[in-house]
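**Q** This is the structure I have questions about; it appears just below.
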Amino acid sequence: MTFVGWLQIALTLALVVVCAVPLSRFIAGAYAGERNFLTPVLGPVERGFYRLAGVDPTREQDWFAYTIAMIVFSVAGFLSLYALQRLQGFLPLNPRGFDAVAPDLAFNTSSSFITNTNWQNYSGESTMSHLTQMLGLTVHNFLSAATGLAMAFALVRGFARSSAATVGNFWVDLTRVTLYILLPISVVGALVFVALGMPQTLAGAVDATTLEGAKQTISIGPIASQEIIKELGTNGGGFFNANSAHPFENPNAWTNLLEIWALLLIPTASVLAFGRIVREMRQGWAILAAMAVFLIVGIGVAYWSETAGNPILTSLGVDASAGNLEGKEIRNGQAMSVLFATATSGTSTGAVNAMHDSMTPLGGMVPMFNLLAGCIWPGGVGAGLYGFLVVAIIAVFVAGLMVGRTPEYLGKKIETREMKFAMLAVLIYPLSVLGFTGASALLKTALDSLGNNGPHGLSEILYLFASSNANNGSAFAGINGNTLWFNTTGGLAMLLGRFAYVVPVLAMAGSLAAKKKVPASAGTFPTDGPLFVGLLVGVIVILYLLQYFPALSLGPVVEHFLMLGGKTF
Amino acid sequence: MSKKAQPQGLFDRTIIAAAAVASVHKLDPRSLVKNPVIFVTEVVSVLVTLFFVRDLVARDGIASFTGQIAAWLWFTVLFANFAEAVAEGRGKAQADSLRRARTDAIARRYVDPKNLSGPVESVNALDLRFDDVVLVEAGQLIPGDGDVVEGVASVNESAITGESAPVIREAGGDRSAVTGGTTVLSDQIKVRITAAPGSTFLDRMIALVEGAERQKTPNELALSILLSGLTIIFLIVCVTLWPIAKYSGTVLSATVLIALLVCLIPTTIGGLLSAIGIAGMDRLIRFNVIATSGRAVEAAGDVDMLLLDKTGTITFGNRMATEFIPVPGVGTKELATAALASSLADETPEGRSIVALAKGDHGIPTPKFDPATTISAPFSAQTRISGVDLPGRSIRKGAVDSILRYLKTTLDKAPSEFRLAVDRVAMSGGTPLAVADKGMLLGVIHLKDVVKPGIKERFAALRAMGIRTVMVTGDNPVTAAAIASEAGVDDFLAEATPEDKLAYIRKEQSGRRLIAMCGDGTNDAPALAQADVGVAMQTGAQAAHEAGNMVDLDSNPTKLIEIVEIGKQLLMTRGSLTTFSIANDVAKYFAILPAMFLATYPALGALNVMRLASPQSAILSAVIFNALIIIALIPLALRGVAYRPVGAAALLRRNLLVYGVGGLVAPFIGIKAIDVVVAALHLA
């Protein structure tokens, strides 16, 4: 660990917070449908969409109608994306003439992109036509992120409203988030990326002659436009298989910093927007502080573990001063690789600029724990906020009892219905992650995909399902996910992690919105101070540690102790 | 306040014995299924017992270990049942003493309930129906709950209240309600029956203290969902651990996995949850308050506002004379003497306090009147004044306007000093009484409502708990404001009619506040029903009993404050033990996980931070700890976590420290200690 390294980390995080504050005001405005400086230009477009779709923007939906709208929209997205992949051979903008994507892979990819996961069991540059990339994948990079934020809006309305029957209009939320938040930042961001040297073209590939005289085909394409929304929408699906480690996706230190900034920006800002909307900024800051504790401690552990390096290699005479450099780009450096890895897993982005598989056991456990917890510090666009609020509700429930009152959060009583929905939601995680991991551990066909055996192999499976379920999409490379088994189960894990989780959350939004706000008194414990932050951190650590301690023990933890004993996998 | 005879300490021998038997009866899966956590424990206990038999038959060396695990799993279930049985047993003991008061006595029923001078027939009390009218005479038991329709009697209600002093019950008004099982001491009354047999107050009380009508309260339900959810999560963890372990090269035995499961699922709070609820009701009963449902007790903990009647709760209820203010030309002594003379025959508390003030502070001797020439003029509703006629004198005292009317004058014709004195007394919240003699005003007596000592501090404590207090009084706003500020209440409702009370409660409830109030009159009934916690006084009207959701047998309105504390304590105990139970799991992992995988991964021995003797003793010790902690916490569950009125943040900090951090640390010490014993006895 170096001072300069920590300085890089601190400056990047500071830049995120500084930009998130004004953005949060903008998001809160879009939530409420207020006018902003883009309205003169985009207002007619917005209204045009509503007219086209026959949506009355003034008519709100109850939680059930909202959920149905979201599911109908997602199913339509899934089917169209599946069709696009299967038919790409007959469609234009396919300069390299790729064939149809295999059915299981197309299922996995469709699930992946509509759930904001962007897990890639394929190499984009050698599988997907430009049309599929742009019309399918990039479009869903926007829409899946917008869907996430829309669902968070619904839950926030649950807290902000009193005795309300409705939680908003899904179509309006979706349109506003896309038009006013994601598109403008993406347009500016893509131009900045192009200026910083990222390719943006419709050409398929260039042929180059290397110094040795060999012929090389170098893939290029509309990279900058996909890159910005890949980070901004916490998507993570790269144009290239190597993702942000590829020099075209991440040419230099500036793009590296901007990519980390972009993937943290909206999740951070939406937490602060939540504070604004419930008219208590401190509530937003308290949640952000709890998230920051996990993010920063994670960075610290990973940074320490990576720079400490591998004692086995050190004993073989490898210079230990740079730490563990396997799978990392020297140009990104330890600090910014570790920050990228922690941030990409703390959000549900899943873009990588270094290979998590090659990290030290404890270093790799940090992103893995982030995934197991569901990527909620600060989380995916929207998904982080609602995911964290669900955990906060459970923490509030236990703590609230301890002060001798029916627990309440932001003036809403947490009662049987809320607990039912919260528990239904959090059950999905162990069911899907541990269930699929356990099944895979028994199946030969699954184990054949592993690149390593022993604890590291287990980590690869656990990581795959944790990443799918948390809609992250980063991979512990080494495992071959493009098999019938993993395409199918991984796709199911993504769908469960998104939809089975969010339906109870939306039901909870409806239940909360219908409640009256209880005025706070000295008998209500404050949820905006350090005590609450500490409580949240404690409950989350215990809740997730208890669920995953056995699996982690047999994966990275034992691998760490074995590494200290001189054994690798 | 009379406390009912305390029938038992925390652990009475007979209750323990009965509970031990009951905990075996409670193994019936049909009743246990209501408690998912313990039900799961029972199911796996059966499984491990089967494994034990299998190991015995196979003469497997592991049989001793399997057998011990099975035994301790059964103990876990039994201990949880025992906790519930002890709590129920304490209620049963009280129910039994109540049951003795219930009789199947003979009732003397009017053949025609409309003709109360008609003939009477003898019927069994159990055959009484709604609207029957019975005659009860001195020495007889009242056969059922009802309203006195005719007559006055003194009644011994000690069977219900534990209070042996008789109370007066009379037809009409707010003292007409009588309870079955109580005894008429003198006179005779005619009682219209208002409850069918089996649903009388006494029957309901017995059912309540026995816990027969116990249903899960809303908050208990929400907590059960959390606990069930955690149980399902840990089931998933343990089931999936088998394939994951197999991949890692360890084939886990089902016994070991079950041991891990039982250690992880929240058996501690699961086992104590119903005991906590029953004990909460029980604490209330010990306090001589009967709640008609657990829901009401829980609501008491959530109360944001107390509506307290001024009289009897905040003030002593009797206005007392504190000052004599003469008009110019009249000495204080002269006024005091006249006031004393006018009050000698006045037996009201006000009259007695005037006598006391005149004699005590002013040293006026008791005057000697010749009975032949003294005509005392008692208080009458027409004149609203009282006094005495002596030869040549006619002393009168009374409300200012009444005296002025008696003198055939008006306030503006009275001396300005008199007007000033009246205003001053009224402004300070007191009541001015005017005194007149020989048609002349002498001065003003200052009657004051005296606030109970210590009440202000209690209200301050309530405020720290986040509870506002509102004083309800029939006084005018000026008087009310003065007393309100002296007593330190947050708000007051002056010149309050029952309708005002009801409207006030509705208004506050629409702002999502929970209101508690107490009342005794029939006219309080609507407000009692509307309030979230309505405490009816036992001495009060039947309508009030029916409308409230609690009955205070001591008829002490100040108890509302304790009721709130008991409600809070109930929720706190649940929350604290839940936190403790979950925090315990961390240490159990550190005991069991390294033990499970020591053979495959000796490196995981690094996690054996407690340095437990062997894998088997580690697992056994964790299971034993898990069972014993239930027993160890029964006293806390029954007594409840200490409540301090210090505000939510301070409470949370303290309980997090004690039950959260304590819950993390305690099992490390406990499991290690058990492991030392297990290893020393060569049990594993």
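FYI, it's all coordinate maths here, none of it is from the lab. Values in this document were obtained by computation on a predicted structure and should not be read as measured data. Neighbour counts run over all protein chains shown; Cβ positions are idealised from the backbone, glycine included.
**Q** Could you please state, rounded to a whole Å, how far the C-alpha centre of the range A:9-84 is from the C-alpha centre of the range B:215-270?
**A** 40 Å
**Q** If you don't mind, another one. Calculate the FRET efficiency for B:Asp491 and B:Val658 from the Cβ-Cβ distance with a Förster distance of 51 Å, rounded to the nearest 0.05.
**A** About 0.90, to the nearest 0.05.
**Q** Taking R0 as 45 Å, what's the FRET efficiency between A:Asp62 and B:Asp28 from their Cβ-Cβ distance, rounded to 0.05?
**A** With a Förster radius of 45 Å, E is 0.55.
**Q** With a 10 Å radius around each residue's Cβ, average the other Cβ atoms per peptide and rank B:529-535, B:434-440, highest first.
**A** Ranked by mean Cβ neighbours within 10 Å, highest first: B:529-535, B:434-440.
**Q** Taking chain B as the reference, fit the longest principal axis to its C-alpha atoms, fit the long axis of helix B:477-487 to the helix C-alpha atoms, and give the angle between the two in degrees, 0 to 90, nearest 10.
**A** Once rounded, the angle reads 50 degrees.
**Q** In terms of Cα to Cα distance under 12 Å, which aspartates and glutamates are near enough to A:Lys516, apart from those fewer than 8 places away along the same chain?
**A** A:Glu408
**Q** What ranking do A:31-39, A:367-375 get when scored by the average of other Cβ atoms within 10 Å per residue, highest first? The partial results should precede the final answer.
**A** Working: A:31-39: 14.2, A:367-375: 28.3.
Answer by packing, highest mean first, reads A:367-375, A:31-39.
**Q** Quick one: divide the alpha-carbon radius of gyration of chain A by 2.2 N^0.38 Å and tell me what you get.
**A** 0.93
**Q** How far, in nm, would the chain grow between B:Asp401 and B:Met440 when pulled straight, counting 0.36 nm per residue and subtracting the alpha carbon separation?
**A** 12.6 nm
**Q** Still on this structure: Can you give me the angle between helix B:36-57 and the longest principal axis of chain B, using Cα atoms only, in degrees from 0 to 90, rounded to the nearest 10?
**A** 30 degrees
**Q** Sorted from largest down, what three extents in whole angstroms do the Cα atoms of the range B:90-195 have along their principal axes?
**A** 46, 27, 21
**Q** Measure up A:Lys328/A:Lys567; A:Lys420/B:Lys568; A:Lys517/B:Lys452; B:Lys359/B:Lys438 against 26 Å on the Cα-Cα distance and list the ones that go over. Before the final figure, lay out the partial values.
**A** Details: A:Lys328/A:Lys567 22 Å; A:Lys420/B:Lys568 23 Å; A:Lys517/B:Lys452 36 Å; B:Lys359/B:Lys438 23 Å.
A:Lys517/B:Lys452, as the Cα separations exceed 26 Å there.
**Q** Still on this structure: Any chance you could give the angle, 0 to 90 degrees and rounded to 10, that helix B:218-247 forms with the longest Cα principal axis of chain B?
**A** 10 degrees
**Q** Continuing with the same structure: Explain nothing, just compute: Karplus ³J(HN,Hα) = 6.51 cos²θ - 1.76 cosθ + 1.60, θ = phi - 60°, for every residue of the range A:295-312 in order, whole Hz, x for Gly and Pro.
**A** 5, 6, 4, x, 4, x, 5, 5, 4, 4, 5, 5, 6, 5, x, 10, x, 5
**Q** What are the ³J(HN,Hα) couplings of the range B:605-615, residue after residue, when phi is run through the Karplus curve with 6.51, -1.76, 1.60 and θ = phi - 60°? Round to Hz, x for glycine and proline.
**A** Calculated HN-Hα couplings, in order: x, 4, 7, 6, 5, 7, 6, 6, 4, 8, x Hz.
**Q** Between B:Arg108 and B:Ala529, what is the FRET efficiency for a Förster distance of 22 Å, r being their Cβ-Cβ separation, to the nearest 0.05?
**A** Once the sixth-power term is evaluated, E becomes 0.05.
**Q** Non-local amide H neighbours of B:Gly443 (under 5 Å, H modeled in plane, Pro and chain starts lacking H): which ones?
**A** So B:Gly443 has HN proximity to B:Val327, B:Val435.
**Q** Run through the DSSP bridge list for the protein assembly as shown and note the antiparallel percent, rounded to the nearest 5.
**A** Taking every DSSP beta bridge with both residues in the protein assembly as shown, the antiparallel ones total about 80 percent.
**Q** For every helix of n ≥ 4 consecutive DSSP H residues, a contribution of -39,500 (n - 2.57) applies; sum these over chain A, divide by its total residues, and give [θ] at 222 nm rounded to the nearest 500 deg cm²/dmol. Could you put the intermediate results ahead of the total?
**A** On the way: 22 runs with 344 residues, N = 569.
-20000 deg cm²/dmol, from helical runs alone.
**Q** Let me know the mean shielding of B:658-669 by other chains, meaning the per-residue number of their Cβ atoms within 10 Å of its Cβ.
**A** 1
**Q** Taking a quarter of the surface of the convex hull around the Cα atoms of the protein assembly as shown, what do you get in nm²? Please list the in-between numbers first.
**A** On the way: hull surface 256.9 nm².
For the protein assembly as shown, averaging the hull's shadow over all directions gives 64.2 nm².
**Q** Still on this structure, I have one more. Net charge around B:Ala482, counting only other residues with Cβ within less than 10 Å of its Cβ (Lys, Arg = +1; Asp, Glu = -1)?
**A** Numbers: positive: B:Lys448; negative: B:Asp449, B:Asp475, B:Glu486.
Net charge in that neighbourhood comes out at -2.
**Q** Now for a different question. Where does chain B land at 222 nm, in deg cm²/dmol rounded to the nearest 500, when only DSSP H runs of n ≥ 4 count, each adding -39500 (n - 2.57), divided by all residues?
**A** Roughly -16000 deg cm²/dmol at 222 nm, from the helical runs in chain B.
**Q** Starting at 0 and stepping by 10 Å, how many percent of the alpha carbon pairs of the range B:28-140 end up in each bin?
**A** The calculated distribution, bin by bin, is 12, 22, 15, 12, 12, 12, 9, 5, 1.
**Q** Something else about it: Measure of size requested: the Rg and Dmax of the range A:43-106, with Cα atoms as the atom set and Å as the unit; please supply both.
**A** Cα radius of gyration and Dmax of the range A:43-106 are 17.1, 47 Å respectively.
**Q** Quickly work out the B:Asp423-to-B:Asn124 label distance, labels modelled 7 Å from Cα along the C-beta direction, and quote it in nm with one decimal.
**A** About 7.4 nm, to one decimal.
**Q** Distance in nm between label sites at A:Asn480 and B:Ser117, each 7 Å beyond Cα in the beta-carbon direction?
**A** 11.0 nm
**Q** Turning to a different aspect of this structure: When 1/r is averaged over all different Cα pairs and the result inverted, which Kirkwood radius in Å belongs to the range B:482-632?
**A** 20.1 Å
**Q** Going by Cα centres, the range B:466-488 and the range B:579-602 are how many Å apart?
**A** When both Cα centres are located, 59 Å separates them.
**Q** Starting from 0 in steps of 5 Å, tell me what percent of the Cα-Cα pairs of the range A:333-461 lands in each bin.
**A** All Cα pairs considered, the percentages come to 2, 9, 15, 15, 16, 14, 11, 8, 5, 3, 1.
**Q** Per residue of the range A:132-139, what does 6.51 cos²θ - 1.76 cosθ + 1.60 with θ = phi - 60° give for ³J(HN,Hα)? Whole Hz please, x for Gly and Pro, Karplus curve as stated.
**A** Per-residue couplings from phi come out as 4, 4, 7, 7, x, 5, 5, 4 Hz.
**Q** Quick check: pseudo-label points 7 Å beyond the Cα along Cα→Cβ at B:Ala673 and A:Ser123, how many nm apart are they?
**A** In this crude label model, B:Ala673 to A:Ser123 measures out at 6.4 nm.
**Q** Also: Taking amide H positions as placed 1.01 Å from N in the peptide plane, with prolines and chain starts having none, which residues 5 or more places from B:Ala377, or on another chain, fall under 5 Å of its amide H?
**A** Here the answer is B:Gly387, B:Val388, B:Asp389, since their amide H atoms fall under 5 Å of that of B:Ala377.
**Q** To continue, here is another question. How are the C-alpha pair distances of the range B:242-381 spread across 5 Å bins, as whole percents from the shortest bin up?
**A** Answer for the range B:242-381: a P(r) of 2, 7, 9, 9, 8, 6, 5, 5, 6, 6, 6, 5, 4, 3, 3, 2, 3, 3, 3, 2, 2, 1, 0 percent.
**Q** Averaged over A:552-561, how many beta carbons belonging to a partner chain fall within 10 Å of each residue's beta carbon? Intermediate values should be presented prior to the final figure.
**A** Working: counts 0, 11, 13, 2, 0, 6, 9, 2, 2, 7.
Per residue, the number of nearby Cβ atoms from other chains is 5 on average.
**Q** How much length is gained if the chain between A:Val188 and A:Trp254 is pulled fully straight, taking 0.36 nm per residue apart and subtracting their Cα-Cα distance, in nm to one decimal? Walk me through the numbers on the way to the answer.
**A** Numbers: separation 66, 0.36 × 66 = 23.76 nm, distance 1.52 nm.
Here the segment from A:Val188 to A:Trp254 would lengthen by 22.2 nm.
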